[in-house]
Amino acid sequence: MDAVRSVAELVCSAVAVAGGLLLLWAGLGHARAFGRLRATLLVHRLLPRGGSRAGAAALVVAEVGVGGAVVAGTLSSLRRTSALPSRLVLPAMVGEALVYTGFLVYLTVLRRTRPDAPCGCLRDDGPVRAPVLIRAGVFAAVAAAAAGLSAGPTPFVESLTGTGRLASVSVLVPALVLAVLTALVPATLVHPSSRTTSFRRN
């Protein structure tokens, strides 16, 4: 049972770290193309009038802040400094769960009210598709589970608390691969003919 628990924790941590990497990637991309992000939010028409700039800024801060906390904890574990990851892991995972839950709610509403509007997710300019919602839901659930583990009597995933370099690598490498795959797969399911029509009209 201990072996099964260890494997489950490693898988959970790899998925959670992948979610953090995606948040950081998305946040940096949104910061570079802030005007485009704001324009996308205007097309969505889900925020109060005049709230697109504040909404875009809040999104960038949340993505970069939470994603950066997850990545910082993981990189620190590679250097075997246990204090920083142990302090970061709980708030980082709680933050990740909240951000992805927010994404799931927002995008679900967007898909129902404006199904042809651009998603604005990562590099995907097409409308919101089911894989995007599934991705947000999975990362929200896994991050919540990770937060629960980190709050328990046993430290969440030894690999994230600096107790083993090999374990840290076994989390980071799959997390990188998973982050890239989950970023690319939804975009491949968007047909070119359905991309950004409403966005260009507006």
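The values are calculated or read from the model by the stated rules, or taken from the named source; none is laboratory data. A quick note: this is a predicted structure, and the numbers were derived from the prediction, not measured. Positions of Cβ are backbone-derived with ideal geometry, glycine not excepted, and every protein chain shown enters the neighbour counts.
Does any residue of segment 91-99 turn out to be of a type in the set (Gly, Ala, Ser) and modelled with pLDDT of 90 or more? Walk me through it before giving the result.
Start the filter on segment 91-99 by keeping residues that are of a type in the set (Gly, Ala, Ser), which leaves 92, 95, 97.
Now drop any that are not modelled with pLDDT of 90 or more, which leaves 95, 97.
The answer is yes; a qualifying residue exists.
Just checking, how many residues over segment 6-37 are part of a helix (DSSP H, G or I), small (Gly, Ala, Ser) and surrounded by fewer than 19 Cβ atoms within 10 Å (Cβ to Cβ)?
Going residue by residue through segment 6-37, those that are part of a helix (DSSP H, G or I) are 6-32, 34-37.
Still in the list and also small (Gly, Ala, Ser): 6, 8, 13-14, 16, 18-20, 26-27, 29, 31, 35.
Applying the additional criterion that residues be surrounded by fewer than 19 Cβ atoms within 10 Å (Cβ to Cβ) yields 6, 8, 29, 31, 35.
Matching residues across segment 6-37 total 5.
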Subject >> Among (1) buried (at least 16 other Cβ atoms within 10 Å of the Cβ); (2) within 20 Å of HIS30 (Cβ to Cβ); (3) at pLDDT below 75, the one test that LEU184 misses >> reply: (1)
Original post:
For segment 142-165, what are the residues that are out of contact with any helix residue (DSSP H, G or I) (no Cβ under 8 Å at 6 or more places or on another chain) and at pLDDT 65 or above?
Top reply: GLY148
Subject >> Selection count where residues are buried (at least 21 other Cβ atoms within 10 Å of the Cβ) and in contact with a Lys or Arg (Cβ under 8 Å, 6 or more places away or on another chain), scope segment 121-147 >> reply: 3
